[in-house]
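Before any comments, here is the structure.
The values are calculated or read from the model by the stated rules, or taken from the named source; none is laboratory data. Bear in mind that the values here come from a model prediction, so they are computed numbers and not experimental data. For neighbour counting, all protein chains shown are included, and Cβ atoms are generated from backbone atoms with ideal geometry for every residue, glycine included.
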Amino acid sequence: MGVHAEAPIAKSASEAMSAAGLRAFANIAQLWQLDMDAQLTLLGSPPRSTYYKWKKDPKSAHLGRDTLERISYILGIYKALQILLPEAVAADNWIHKPNAAPLFGGRSALDRMLSGNVSDLYVVRQYLDAMRGG
């Protein structure tokens, strides 16, 4: 009986996280000037029509664990950049700039993140956390 009583709460929490995550992602995508293809790739390549539905009505989105994990990394990357580069424009432009760190091999952080692998989002987040001493 206890399992059934908890299921609606878990679903409701997941829906709330999905909606909040999508709204935050949309704001970051705008600040980072990401085109639709980049947004889809960062989210794990959901169908374009699905993404449009999510954007239109975030409260109706039921994001999977992979998509929520991707959004979490992007939020962490955004937050770390705001701490490292307090000037908002510099922080938002950093992902587009070539980076000499071995992790990036002269490419931008966005290039690395657009590989489509969630592990690349993790690596960029870890790099920024290390840069800020976290």
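List of remarks:
- Taking segment 69-134 and the helices (runs of 4 or more DSSP H) fully enclosed by it, the elements with 1 or more residues that are under 12 Å from the mean Cα position of the chain (by Cα) are at 109-113, 118-131.
Each row is one residue, and each column tells you yes or no for (1) modelled with pLDDT of 95 or more; (2) aliphatic (A, V, I, L, M); (3) within 28 Å of G64 (Cα to Cα).
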site	(1), (2), (3)
A88	no, yes, no
W94	yes, no, no
K97	yes, no, no
S108	yes, no, yes
D111	yes, no, yes
V118	yes, yes, yes
L121	yes, yes, yes
V124	yes, yes, yes
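- Some residue of segment 35-51 being among the hydrophobic types (A, V, I, L, M, F, W, C), in a helix (DSSP H, G or I), in contact with a helix residue (DSSP H, G or I) (Cβ under 6 Å, 6 or more places away or on another chain) and over 20 Å from S119 (Cβ atoms): no
- Taking the criterion of being more than 22 Å from S119 (Cα to Cα) and surrounded by 14 or more Cβ atoms within 10 Å (Cβ to Cβ), the residues of segment 54-70 that qualify are W54, K55, P58, A61.
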